[in-house]
Amino acid sequence: MVVFENKAIPKLLLVCLFVQFSVSAANFFQPFNVTYDHRALIIDGKRRMLISGGIHYPRATPQMWPDLIAKSKEGGADVIESYTFWNGHEPVRGQYNFEGRFDLVKFVKLVGDNGLYFLLRIGPYVCAEWNFGGFPVWLRDIPGIEFRTDNEPFKREMQRFVTKIVDLMLEEKLFSWQGGPIILLQIENEYGNMEGSYGQKGKEYVRWAANMALGLGAGVPWVMCKQTDAPGDIIDTCNNYYCDGYKPNSPNKPTIWTENWDGWYTSWGGRLPHRPVEDLAFAVARFFQRGGSLMNYYMYFGGTNFGRTSGGPFYITSYDYDAPIDEYGLRSEPKWGHLKDLHAAIKLCERALVAADSPQYMKLGPRQEAHVYWENTQSTVLNTTLSESQSACSAFLANIDEHNTATVIFRGKSYSLPPWSVSILPDCSNVAFNTAKVGAQTSVKLVENALSPKISAPELVMTKNEVSSISESWMSVEEPIGIWSESNFTVQGLLEHLKVTKDESDYLWHMTRIYVSDDDVAFWEENKVSPTLVIDSMRDVLRIFINGELIGSVSGHWVKVLQPVQFQQGYSDLMLLSQTVGLQNYGAFLEKDGAGFRGQIKLTGFKNGDIDLSKASWIYQVGLKGEFQKIFTIEENEKAGWTNLKLDATPSTFTWYKAYFDSPDGSEPIAIDLGSMGKGQAWVNGHHIGRYWNLTAPKDGCPDSCDYRGAYGSNKCMTNCGKPTQTWYHVPRSWLQASNNLLVIFEEIGGNPFEISVKSRVPRILCAQMSESYYPPLREWLHLDLIDGKVSISDMKPQIHLQCEDGHIISSIEFASYGTPHGSCQNFSNGNCHSPNSLSVVSEACVGRNSCSVEVSNSGFGSDPCRGVLKTLAVEARCVSTSTIGVSQF
C-alpha cells in the first residue's frame with residue numbers, strides 16, 4: 001500500500017488525489033462490511049464512488065472471462081455486475097446447472113481475484129433481452145401460477161431459486177463479510193413499470209419480495225431498480241440513459257444507477273443503434289456531479305446470445321450493445337478509451353466527493369452550472385484560492401446547452417465549455433477532462449480471411465485476400481416436412497405452442513387432413529374464387545404447407561393471417577409449422593403470452609361455408625428430425641445420411657448442411673459470415689452459435705453523421721441502413737480444435753453455403769488526433785514531481801496514446817503529421833503546416849511496441865513548424881499479431 005504523509009503534499013495539488021490501488025487478492029479478501037448512508041455505499045468504513053461494468057457471464061465463454069474482467073479493470077471499473085439466469089441455472093425443475101458458461105461461482109471468484117467488487121442482480125426476472133426474461137418455461141406449467149404478483153405458487157418457486165443462489169454464494173464465502181467480492185444484491189427487476197398492472201397484489205408482492213430477500217442472511221445491502229416504492233431497507237435505483245436527476249425514496253439512501261444504457265439492442269431487420277461516447281460521458285459526469293455514488297454500464301461487454309437464449313421476439317444473436325468492449329472481447333475505441341479517461345478524472349475527485357454530504361451549487365450562466373465538492377464542508381468562499389491548510393476541493397462545470405459553446409467564470413478563471421459537456425476540475429482550478437473532447441484512439445476492426453470450409457476431397461489454394469471456392473466440400477441432407485417420428489400425438493383442437501414444445505425447440509408441426517368435394521372445386525371454378533386460410537393471430541414465424549409443398553410464410557408478433565390456398569379434389573394434408581424466434585422477455589403477465597396461435601383458425605370459400613379448423617383433429621410433432629437426432633454434434637452427425645452437395649445445386653428449403661474447417665493460427669476472435677444464407681441455426685463442433693436470419697434494415701433512418709449533442713434515444717444515431725442486420729456470427733476460440741472443425745447449418749428458406757467463410761476479427765488500424773491545447777494524460781496527476789510541487793499540472797503536455805490488443809504490436813506508422821493535418825481516420829492528409837520529423841518521431845516511439853505515447857508539443861518534434869498556429873498531431877498506425885512475425889510483445 002502506498003502512504004502519503006501530509007507534509008509531503010503541498011498546496012492543492014494532491015488534496016483531491018485518489019490513487020486507484022491495484023489491490024492484491026490477499027488484501028481484497030480480508031472480510032469487510034458494506035453499509036450505506038445518504039451519500040454512498042460505505043465499504044469497510046469508507047464511503048466510495050464506484051464505477052461498475054456489466055458483463056453477463058453466459059454471453060461469453062469461461063475462457064473469455066479473465067480478459068473481459070481485466071479490460072474492465074484497466075478501463076477504470078471498480079465493480080462487475082451481472083444478472084443471474086434462472087432458465088440457464090435450472091432448465092428442469094430441481095436440476096441445476098452451474099457449469100460452463102453458467103459457472104457463476106467461477107465468474108464471481110475471477111472478479112474477486114482481480115481485486116474488483118461484484119454487484120449480483122438475482123432478480124430472478126431479468127428482462128435483459130434474454131429468452132423469457134430469464135424465467136424457465138416449466139414455470140408456466142405449475143398449477144395456479146401467476147408470475148410476479150402476490151401468488152403463492154410463484155412466490156414459492158421464486159423464493160426457492162433466490163435462496164439457492166444466496167446459499168451458494170454463502171457456501172463459497174463470496175460475500176464481502178466473508179472475504180468475497182459481493183457488495184450488493186438485487187431482488188426483482190424494473191417491476192415499477194409493471195406494478196400498476198397487478199393492482200394491490202402488485203404492491204403486496206413488492207413488500208413480500210423485499211422481506212424475503214432481507215431474510216436470507218446475505219449480509220450486504222439489497223436494491224430494487226425502477227422501484228420508487230421500494231420498502232425501507234431496500235435501496236431504489238435508476239435505470240435510464242440519464243440518471244443525474246434521480247433521487248431515491250428516502251433521504252437515508254444513496255443515489256445508485258444500476259443501468260446506464262450505453263447502447264441498445266437490435267431486432268432482425270432493424271438498424272444498428274450507437275450511442276456517442278461524448279453523450280455517454282456527459283451522462284456519467286452529470287450523475288456524479290449531482291450527487292450520484294455508483295454507476296453501472298449496461299453493458300460494459302454485451303457479448304453473444306448463443307444458442308436460443310435471445311429474447312424477443314426477434315432479437316438478434318449479437319448482443320454487442322455498442323458497449324465499450326465489443327461482442328468479440330475487443331476494445332471499442334474511442335468509447336473504451338474516452339470512458340477510461342473519464343473514470344480516472346472522477347477518481348481524482350473521489351476524496352472530495354465522499355467527504356461532502358452534498359455539493360455547493362453555482363449558477364454560471366443561463367444553462368451553465370457548477371457543483372463544488374469540499375472535504376471541509378464549512379468552506380463557503382468560492383472566489384479565492386485554496387490555501388495550503390485547506391482540504392480537498394473538486395468541481396464539475398456543466399454546459400447543458402445543446403447547441404452553443406459557453407465561456408464561464410469560475411473562481412476568477414475563464415473556462416470554455418463545449419455544448420452538452422462537463423469539465424472536471426479535480427483541484428477546483430485545472431481541467432483534467434471534458435466529456436465532449438475525445439483524445440482516445442479510434443480502432444478500425446477488419447475481418448480477414450482465415451479460411452473457408454473444406455472437406456478432405458479438394459485441395460484448396462488460398463491467398464491472403466482471396467475467398468476460395470470450395471467445390472464439393474459441402475454435404476447436405478433434407479429435413480422431413482411434417483410428421484417425422486412416432487413421438488407425434490393427435491388432439492382434437494388447437495394447443496398452445498409452448499405447452500407442447502416446452503421450449504425444447506423453436507419448431508412445432510401441426511397437421512390436419514382436409515377433404516375437398518367435387519362440388520367445392522366446381523364452386524371455385526364457377527365463381528373464380530379460391531379458399532383462404534384465416535388465422536386470427538399468430539406470433540413469430542409461420543410456414544404453411546399443402547401436401548409437403550411450401551405455399552406461404554408469415555412473420556410478426558400476434559398478426560392476422562390471410563393466406564390463399566389451393567386444394568385438389570379429395571384429401572390433402574394441411575401442415576402448419578409455427579416457430580418461435582425468442583420468447584417475450586418484457587411486460588406484465590408473461591406466463592400468458594405464449595406462442596403459436598390465438599383465436600380461431602378456419603378455411604373460407606367452401607361451398608357449404610367456412611370450415612372451423614380450431615375444432616379439427618390435429619397431429620402434433622415437436623421439433624426437427626435433425627435437431628432431435630443431434631446431427632450437429634461430432635458424435636452423431638454421421639448418422640444423418642449426408643450426400644455431397646454440388647456447386648451448382650439449387651438453394652433448397654429445410655436442408656441441413658455440413659463442412660469442416662481448420663482453425664486459423666493466432667489468438668484473434670473468429671467470426672463466421674452467414675450473409676449468403678437465409679434463415680436458420682448454426683453449430684460448430686456441437687456448440688450452438690445461435691440463430692441467423694438475413695433480414696435487411698430499412699434504407700432510411702441513418703444520418704450521415706451523428707451529433708452527440710442533446711438527449712439520446714435509441715433511434716438517434718442509427719447505422720447499417722439498407723444492409724442485413726447481422727451477417728457475422730461469433731465463434732469462440734475455445735470451441736475450436738486445431739483442425740477438422742465441424743460446421744453444421746440448418747437452413748429454412750434457401751441459401752448458398754459455398755459462400756460461407758470463416759474469418760478472424762482484428763483491430764488492425766489505430767488512429768488518434770490531438771491538439772497541443774488538449775489536457776495532459778490523467779496519469780500525470782500522480783506524477784511525483786507534481787506531488788512534490790516541483791511542477792504544475794499546467795506545465796505538462798498532452799500525449800497521444802496508441803495501444804494494440806494484447807498479442808499485437810505496432811508494425812508501421814501509415815501516417816503522422818504534427819501541424820495542421822486534414823481529414824479523419826484512414827483519410828488523413830498533410831495541411832499547410834507540417835513538421836518534417838512527424839513520421840520519424842512517431843515511428844521511433846511506437847513501432848515494435850504494443851503501446852506507446854507521443855507528446856504533442858513543439859519540443860516533442862524538435863521545433864515549432866508554424867508559429868502562432870494551434871497545432872495538432874494526427875497518427876494512423878497498423879497493428880499485427882506477434883505470432884505472425886515471430887517476435888515477442890514488448
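Details
- By the rule of a C-alpha distance below 22 Å, with chain neighbours fewer than 8 residues away ignored, the lysines paired with LYS602 are LYS499, LYS528, LYS560, LYS615.
- Amide proton proximity set for THR442, modelled H, under 5 Å, gap of 5+: CYS767, ALA768
- Across the range 709-842, Cα pairs under 8 Å and at least six residues apart give a relative contact order of 15 percent.
- Pairwise centroid distance, computed over Cα atoms, of the range 188-256 with the range 795-815, Å: 45 Å
- Projecting the Cα positions of LEU562, VAL422, GLY219 onto the charge dipole of the chain (unit charges on Cβ atoms of Lys, Arg, Asp and Glu, taken about the Cα centre) puts VAL422 furthest along the positive direction.
- Rg/Rh for the chain, where both radii come from Cα atoms and Rh is the Kirkwood radius: 1.01
- The mean sequence separation of alpha-carbon pairs under 8 Å and at least six residues apart, normalised by the residue count of the chain, gives a relative contact order of 12 percent.
- Proximity of backbone amide H atoms, modeled 1.01 Å from N, is registered between CYS393 and CYS16, GLU375 at under 5 Å, excluding neighbours fewer than 5 places apart on the same chain.
- Its Cα centre serving as origin, the chain has a Cβ charge dipole (Lys and Arg +1, Asp and Glu -1) of approximately 1720 debye.
- Sorted peptide list for 679-687, 587-595, 643-651, criterion being average Cβ within 10 angstrom, highest first: 679-687, 587-595, 643-651
- Its residues counted as N, the range 49-333 yields a C-alpha radius of gyration over 2.2 N^0.38 Å of 0.94.
- Length gained when the stretch ARG160-GLU635 is fully extended (0.36 nm per residue, less Cα-Cα span): 167.3 nm
- Extension reserve of the LEU550-THR727 stretch, reckoned as 0.36 nm per residue once the Cα distance is removed: 61.2 nm
- Per residue, the range 49-333 exposes 25 Å² of accessible surface when a 1.4 Å probe is rolled over the protein heavy atoms with every protein chain present.
- FRET E, pair GLN30, LYS203, Förster distance 45 Å, beta-carbon r, rounded to 0.05: 0.65
- Whichever lysines have a C-alpha closer than 19 Å to that of LYS71, once near sequence neighbours (fewer than 8 apart) are set aside: LYS106, LYS109, LYS335, LYS340, LYS347, LYS445
- Unit charges on C-beta of K, R, D, E only; dipole of the range 491-615, Debye: 260 debye
- Potential extension, ARG513-ASN252 segment - 0.36 nm per residue separation minus Cα distance: 87.2 nm
- Think of it as helices only: each DSSP H run of n ≥ 4 in the chain is worth -39500 (n - 2.57), and spread over all residues that comes to -4000 deg cm²/dmol at 222 nm.
- HN-Hα J in Hz across the range 748-764 - Karplus 6.51, -1.76, 1.60, θ = phi - 60°, x for Gly and Pro: 8, 10, x, x, 10, x, 5, 9, 5, 9, 10, 9, 8, 10, 9, x, 7
- Principal-axis tilt of helix 152-171 within the chain, Cα atoms, nearest 10 degrees: 50 degrees
- The chain - percent of accessible surface contributed by carbon and sulfur, probe 1.4 Å: 48 percent
- Database remark: amide H of TYR125 closer than 5 angstrom to the amide H of GLU188 (H placed geometrically; neighbours at sequence offset of 5 or more, or on other chains; Pro and chain starts carry no H).
- Packing rank of 662-668, 775-781, where each peptide gets the mean count of other beta carbons within 10 Å, highest leading: 775-781, 662-668
- Here the range 295-383 is treated with +1 on each Lys and Arg Cβ and -1 on each Asp and Glu Cβ, and its dipole about the Cα centre works out to around 80 debye.
- Acute angle (nearest 10 degrees) that the helix 277-289 long axis makes with the longest principal axis of the chain, alpha-carbon atoms: 60 degrees
- Residue-normalised accessible area of the range 498-590, given per residue in Å² at a 1.4 Å probe: 42 Å²
- Nearby lysines by direct alpha-carbon distance to LYS201 (threshold 20 angstrom, same-chain neighbours under 8 apart not counted): LYS155, LYS226, LYS592
- Selection from SER487, VAL284, PHE118 lying farthest towards where the dipole of the chain points positive, charges on Cβ: VAL284
The values are calculated or read from the model by the stated rules, or taken from the named source; none is laboratory data. This is a predicted model, so every value here is computed, not measured. All Cβ positions, glycine included, derive from the backbone under ideal geometry; neighbour counts span all protein chains shown. With ligands, DNA and RNA removed, areas are computed over all heavy atoms of the protein, side chains included. Shrake-Rupley method; radii C 1.70, N 1.55, O 1.52, S 1.80 Å.
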